[in-house]
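A.B. asks: Questions regarding the structure given below will be posed in turn.
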Amino acid sequence: MPHFFQLNTRFLTLIAILLSSLGLSAQDLAEVFGKITDEKNRPLPLVNIYVQGTPGGASTREDGTFSLKVQAGKELLLVISSVGYSPQTARVKLAPGERYELRRKLRESVTELPDFVVEDRQIRSANLNPIDPKLAGLIPSASGGIEALLKTMPGVASNNELSSQYSVRGGNYDENLVYVNDIEIYRPFLVRSGQQEGLSFLNSDMVASILFSAGGFEAKYGDKLSSVLDIRYKRPTKTRGSVSASLLGASVHLEGSTADRRLMYLFGFRQKSNQYILKGLETQGDYKPSFTDVQGMLLYELNPKLEFSFLGNYARNSYTLIPTDRTTSFGTINEALQLRVYFEGKEVDRFTNYMGAFTTHYKPSKELSLKFIASSFQTIESETFDIMGQYWISELETDAQSSVFGQAIDTRGVGTYLNHARNYLNATVINAEHRGTYEKSTRLLQWGLKYQHEIISDKLNEWNMNDSAGYTLPYTMGIPGMAGNQSDISLQDVVRTTIELQSNRISGFAQYSGSFETEKATIGYNAGIRMNYWDLNSQLVASPRAGISYKPHWETDILFRFTTGVYHQPPFYRELRAKDGTINRDVKAQTSYHIVAATDLNFKAWGRPFKFVGETYYKYLTNLVPYEVDNVRIRYFATNNAKGYATGIDLKVNGEFVNGIESWASLSFMQTREDIEGDFYTDYYNTDGELIIPGYTTNLEIGDSITSERGMMPRPTDQLLTFGLFFQDYLPRNPTFKMHLNLLFGTGLPYSPPGVPRLRNSQRMPSFRRVDIGFSKQIAGNKNKANELDANPRLWRKYIDNIWISAEVLNLLQVNNTISYTWVKDVNNRSYGVPNYLTPRQLNIKITVEF
């Protein structure tokens with residue numbers, strides 16, 4: 001393995017020479033060594049020691065000792081930090097070859113979050129995975145942000161780089177909880193594709209901490225089936241900010257506080273346009289996406305016991321497309337086909353969101369914390385398009401010796417389709433909530449009560465029409481226009497409805513957690529229950545959940561964890577609406593029974609810290625509402641007529657593969673199945689004895705029939721294997737030159753042609769393969785160093801912490817990943833599934849200034 005990193009470093013050195021004109025020369029080094037202990041002189045392992053502003057660093061060994069090579073001849077600021085202890089700093093300026101001894105005692109502390117206290121040992125014993133939010137700005141990705149980090153986590157899958165949505169352990173996009181400072185975040189309703197989606201709510205510049213659970217989470221987290229993402233925004237202590245710009249957009253953030261730290265502020269602005277990326281899609285045209293997000297948070301501490309805060313957000317996502325043409329080659333070597341489409345029309349989508357939350361946080365005593373939250377969310381969405389496509393399906397020449405190899409030689413079908421929509425949705429969600437905690441020694445009691453009012457107004461008007469060779473499909477013999485003839489024009493997927501809906505929910509939870517010591521181990525436990533009542537379907541559900549952790553007193557730092565519970569997901573508006581636009585008010589909560597067993601191991605390799613986490617899980621699913629997925633659009637059947645399961649294994653190893661910086665790799669195996677009640681289908685055989693499959697069989701004269709039930713089948717998110725890798729590296733003698741690699745792999749997802757129940761989810765898309773790589777160079781940094789060592793520093797250097805410039809190669813391997821299929825037919829009613837490909841290889845340039 002050391003040999004591997006040695007080769008990798010040489011590779012990066014070569015790239016650095018090719019990509020920049022920087023001359024790299026050897027730098028004289030010095031050494032800082034010493035020992036870190038706690039206040040009782042006990043050695044502290046895994047304490048981080050690094051030079052501020054650089055990625056390098058070291059960690060203390062089991063006996064608390066460490067050794068760190070540093071640059072000589074310059075004043076450096078060393079930072080000593082460890083989870084659960086107050087950080088310290090030390091300034092050094094060493095001569096070449098000098099060895100300097102540093103000994104420090106760290107004082108134990110906890111990380112104070114807005115409402116309760118989180119310690120590392122509590123996170124580890126719970127089913128939560130902490131993620132460093134600083135890495136969100138480093139990972140190369142078309143969508144970027146915190147969700148790009150999540151997609152590399154075990155159990156998480158995403159096959160669309162244009163979308164921030166993700167599925168977890170066989171769940172869909174609607175089954176994931178997202179909280180910011182205990183406020184639940186909602187995603188848009190009408191979005192059909194990643195191109196329309198724009199910016200997610202989470203602004204990585206404002207984030208202080210990230211906790212993620214892929215299942216088996218505690219009762220304090222809400223009513224969803226799959227996962228929870230718990231985000232905490234910063235509590236600024238001094239004035240800071242950043243400005244970032246790239247080919248995909250720009251962002252600005254500013255934070256600070258008054259001198260007495262009673263008033264704190266945090267603001268962020270983001271503007272994104274993925275027009276540059278969308279121009280690489282096979283559908284050519286005039287793309288005009290514009291995504292804007294403004295967020296702000298104010299905190300005011302009236303006294304040490306009482307604090308007020310406000311979090312506000314305005315987001316406007318606009319997407320306009322005037323398509324012109326599309327050319328897609330598909331099929332096999334023996335049957336190579338090409339779809340050529342010429343478009344007329346236009347699509348205009350608007351998604352505008354408002355969110356405001358006011359929080360009162362009262363601490364009457366050291367043990368007791370009370371929180372009151374009033375929040376409101378509103379989304380105003382419109383989806384309008386009239387797009388006509390005239391298409392030709394052609395055969396391609398497959399003879400490599402032919403002069404027209406790869407060109408269209410014969411036309412199989414000619415047709416036209418027209419897609420129309422005028423959809424408008426206005427949704428408002430109002431919440432009033434109380435949360436409390438009481439902590440005494442190693443025991444923690446938490447509770448909460450929430451009231452939610454929902455107002456939905458939805459107007460739908462959409463339809464499709466398919467025509468081939470002058471005949472409207474589905475085609476039956478006859479003369480169009482004659483009375484009583486079935487070949488007259490017909491529309492498909494017609495939805496015309498107006499829906500007005502209001503409802504109320506009441507939910508609450510209580511949970512108790514703690515730990516105790518025995519002669520052989522430290523044992524942690526957690527038990528709680530959630531309740532939820534919705535007046536629309538008059539259903540009350542209870543969700544008991546529990547977990548236990550066992551950390552034996554071994555030399556090996558290992559912890560065993562087991563969690564189980566019942567997870568109900570009461571329907572939201574999307575689950576109530578069927579594909580024909582009707583509302584089923586009797587849809588009940590979907591239910592999942594979780595069993596999760598985990599092993600958490602901290603170990604050292606090559607003298608550096610690593611962590612391995614392995615989890616195995618089984619989820620029994622009942623009262624499911626079946627659905628179909630097209631790109632990122634989910635269309636529910638609006639009835640509880642399915643049951644199923646999801647089971648798998650998640651593995652992750654993370655640590656310092658390269659000294660001083662964290663990387664990780666995750667591997668997941670998963671299977672999820674469902675059985676839809678009453679999914680009977682009838683097989684019709686023609687007079688030739690062939691199975692008649694609409695869209696495939698030409699002889700439609702029925703000779704015989706057999707009726708069967710489908711039984712267990714793959715769910716739309718069934719993905720046997722996924723692998724994620726986030727890897728960082730830097731040049732040892734020039735750590736300001738860094739590399740970041742983001743690799744994702746996932747086996748194919750199920751799909752099927754529309755209108756063929758017997759084939760539901762029976763076919764597989766090609767595997768998803770994507771590699772994004774980024775190279776960054778720090779061109780200026782450490783304003784303190786500049787001020788103190790420069791006799792006459794330039795004015796701008798007084799206020800600048802860091803300036804980084806980056807180059808990212810997106811889809812490095814130029815893989816044509818498939819996100820969905822467009823289905824077209826010829827006059828014989830034969831269907832062709834034409835793959836819709838994602839983005840090709842592209843380059844992104846980015847500059848970031850921190851001050």
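A.B. asks: Which residues in region 416-430 place their backbone N less than 15 Å from a point set 7 Å from the Cα of Ile380 along the Cα-to-Cβ direction?
C.D. replies: Residues 424-429 qualify, since their backbone N sits under 15 Å from the label point.
A.B. asks: May I pose another question? Just subtract the alpha-carbon distance of Lys305 and Phe562 from 0.36 nm times their residue separation and send over the number in nm, one decimal.
C.D. replies: Numbers: separation 257, 0.36 × 257 = 92.52 nm, distance 3.67 nm.
Result: 88.9 nm gained on full extension.
A.B. asks: For Phe768, what charge total do you get from the other residues with a beta carbon under 15 Å from its beta carbon, if Lys and Arg give +1 and Asp and Glu give -1? Don't skip to the answer; put the middle values down first.
C.D. replies: On the way: positive: Lys151, Arg764, Arg769, Arg770; negative: Glu161, Asp718, Asp772.
Once positives and negatives cancel, what remains is +1.
A.B. asks: Which shape class, rounded, prolate or oblate, goes with region 134-279 when its Cα gyration tensor gives a ≥ b ≥ c as root eigenvalues, a/c under 1.5 marks rounded, and past that a/b bigger than b/c marks prolate?
C.D. replies: Oblate, since a/c reaches 1.5 and b/c is not below a/b.
A.B. asks: Something else about it: Please give, to one decimal in nm, the separation of the simple spin-label points placed at Arg107 and Phe851, each 7 Å out from Cα toward the Cβ.
C.D. replies: Simple spin-label model gives 3.4 nm for this pair.
A.B. asks: Would you mind checking Lys40/Lys74; Lys366/Lys611; Lys366/Lys520; Lys440/Lys611; Lys279/Lys846; Lys151/Lys611 for any pair whose Cα atoms are more than 24 angstrom apart?
C.D. replies: Numbers: Lys40/Lys74 34 Å; Lys366/Lys611 34 Å; Lys366/Lys520 32 Å; Lys440/Lys611 30 Å; Lys279/Lys846 19 Å; Lys151/Lys611 19 Å.
Pairs exceeding the cut-off: Lys40/Lys74; Lys366/Lys611; Lys366/Lys520; Lys440/Lys611.
A.B. asks: Taking a spot 7 Å from the Cα of Leu812 along the direction of its beta carbon, which residues of region 741-758 have an amide N less than 11 Å from it?
C.D. replies: From region 741-758, the list is 741-744.
A.B. asks: For Asn623, what is the net charge nearby, where nearby means another residue's Cβ is under 10 Å from its Cβ and Lys, Arg count +1, Asp, Glu -1? Kindly include the intermediate steps, with their values, before the conclusion.
C.D. replies: Details: positive: Lys588, Lys643; negative: none.
That works out to +2.
A.B. asks: Something else now. Using the charge dipole of the chain (Lys, Arg: +1 at Cβ; Asp, Glu: -1 at Cβ; taken about the Cα centre), state which of Thr379, Phe330, Tyr342 has its Cα farthest towards the positive end.
C.D. replies: The residue sitting farthest along the positive end of the dipole is Thr379.
A.B. asks: Sticking with this structure for a sec: Which peptide among 649-659, 72-82 comes first, and what is the full order, when sorted by highest mean count of other Cβ atoms within 10 Å? Walk me through the intermediate numbers first.
C.D. replies: Numbers: 649-659: 19.6, 72-82: 17.2.
Highest to lowest by the protection proxy: 649-659, 72-82.
A.B. asks: If Lys and Arg each add +1 and Asp and Glu each add -1, what is the summed charge of the other residues whose beta carbon sits under 12 Å from the beta carbon of Ser290?
C.D. replies: Values: positive: Arg270, Lys272, Lys288, Arg316, Arg350; negative: Asp293, Asp349.
In short, +3.
A.B. asks: When the solvent-accessible surface of protein heavy atoms is calculated with a 1.4 angstrom probe, in what order do Arg530, Arg673 fall, highest first? Write out the running numbers ahead of the final one.
C.D. replies: Working: Arg530 15, Arg673 50 Å².
Result of the area sort, largest leading: Arg673, Arg530.
A.B. asks: In nm, to one decimal, how far is the modelled label at Val348 from the one at His453, with both set 7 Å along Cα→Cβ?
C.D. replies: 3.4 nm
A.B. asks: Applying 1/(1 + (r/R0)^6) with R0 = 30 Å to the Cβ-Cβ distance of Lys238 and Ile805, what FRET efficiency is obtained, to the nearest 0.05? Please list the in-between numbers first.
C.D. replies: Details: r = 26 Å, r/R0 = 0.86.
FRET efficiency, Lys238 to Ile805: 0.70.
A.B. asks: Given Thr497, Tyr832, His434, which one lies farthest toward the positive end of the charge dipole of the chain, if we put +1 on the Cβ of every Lys and Arg and -1 on the Cβ of every Asp and Glu?
C.D. replies: His434
A.B. asks: Of all accessible surface on the chain at a 1.4 Å probe, what whole percent is carbon and sulfur? Please report the intermediate quantities before stating the final value.
C.D. replies: On the way: 20630 of 37340 Å².
Whole-percent figure for carbon plus sulfur exposure: 55.
A.B. asks: Fully extended, how many nm does the chain gain between Arg91 and Gln671 (0.36 nm per residue separation, minus their Cα-Cα distance)?
C.D. replies: That works out to 203.4 nm of additional length.
A.B. asks: Can you tell me what the convex hull of the Cα atoms of the chain projects to on average, as an area in nm²?
C.D. replies: Numbers: hull surface 160.3 nm².
Computed as one quarter of the Cα hull surface, the answer is 40.1 nm².
A.B. asks: Separate question: Picking from Gly746, Ala780, Val632, whose Cα lies most toward the positive end of the charge dipole for region 630-780 (charges on Cβ: Lys, Arg +1; Asp, Glu -1)?
C.D. replies: Checking the options against the dipole of region 630-780, the answer is Ala780.
A.B. asks: Stretch Arg412-Glu75 to full length: gain in nm at 0.36 nm per residue minus the Cα-Cα span? Don't skip to the answer; put the middle values down first.
C.D. replies: Numbers: separation 337, 0.36 × 337 = 121.32 nm, distance 7.38 nm.
Going from the current span to full extension adds 113.9 nm.
A.B. asks: Would you mind getting the accessible area per residue of the chain, heavy atoms of the protein chains only, 1.4 Å probe, in Å²?
C.D. replies: 44 Å²
A.B. asks: What does the highest-first list of 310-322, 400-412 look like by mean Cβ count within 10 Å?
C.D. replies: On the way: 310-322: 18.2, 400-412: 11.3.
The most tightly packed comes first, giving 310-322, 400-412.
A.B. asks: PRE reach from Ala542 (point 7 Å along Cα→Cβ): which of region 572-614 fall under 13 Å by backbone N?
C.D. replies: Within reach of a label on Ala542: no residues.
A.B. asks: Could you compute how much accessible surface Met465 exposes when probed at 1.4 Å, giving the result in Å² to the nearest 10?
C.D. replies: Here the accessible area works out near 40 Å².
A.B. asks: Let me ask something else about it. Return the calculated 222 nm mean residue ellipticity for the chain, to the nearest 500 deg cm²/dmol, obtained by summing -39500 (n - 2.57) across DSSP H runs with n ≥ 4 and dividing by the residue count. Write out the running numbers ahead of the final one.
C.D. replies: Numbers: 7 runs with 48 residues, N = 851.
Calculated mean residue ellipticity at 222 nm is -1500 deg cm²/dmol.
A.B. asks: FRET efficiency for Thr582 and Asp535, Cβ-Cβ distance as r, R0 = 22 Å, nearest 0.05? Mind showing how you got there, number by number?
C.D. replies: On the way: r = 20 Å, r/R0 = 0.93.
The formula returns an efficiency of 0.60 here.
A.B. asks: Could you tell me the calculated FRET efficiency between Ser402 and Tyr186, based on Cβ-Cβ distance and R0 = 45 angstrom, to the nearest 0.05? Write out the running numbers ahead of the final one.
C.D. replies: Working: r = 56 Å, r/R0 = 1.24.
Efficiency computed from Cβ-Cβ geometry: 0.20.
A.B. asks: In what sequence, highest mean first, do 36-42, 65-71, 833-839, 613-619 appear when ranked by Cβ atoms within 10 angstrom?
C.D. replies: Numbers: 36-42: 13.6, 65-71: 17.6, 833-839: 21.3, 613-619: 19.6.
In decreasing order of mean packing, 36-42, 65-71, 833-839, 613-619 become 833-839, 613-619, 65-71, 36-42.
A.B. asks: About the Cα centre of the chain, how large is the charge dipole given +1 on each Lys and Arg Cβ and -1 on each Asp and Glu Cβ? Please answer in debye to the nearest 20.
C.D. replies: On the way: 90 positive and 89 negative charges, 699 e Å.
The calculated dipole for the chain is roughly 3360 debye.
The values are calculated or read from the model by the stated rules, or taken from the named source; none is laboratory data. Worth saying up front: this structure is predicted, and the values here are computed from it rather than measured. A quick note on method: Cβ atoms are made from the backbone with ideal geometry, for glycine too, and the neighbour counts reach across all protein chains shown. Protein only, heavy atoms only, side chains kept; ligands, DNA and RNA dropped before computing areas. Shrake-Rupley method; radii C 1.70, N 1.55, O 1.52, S 1.80 Å.
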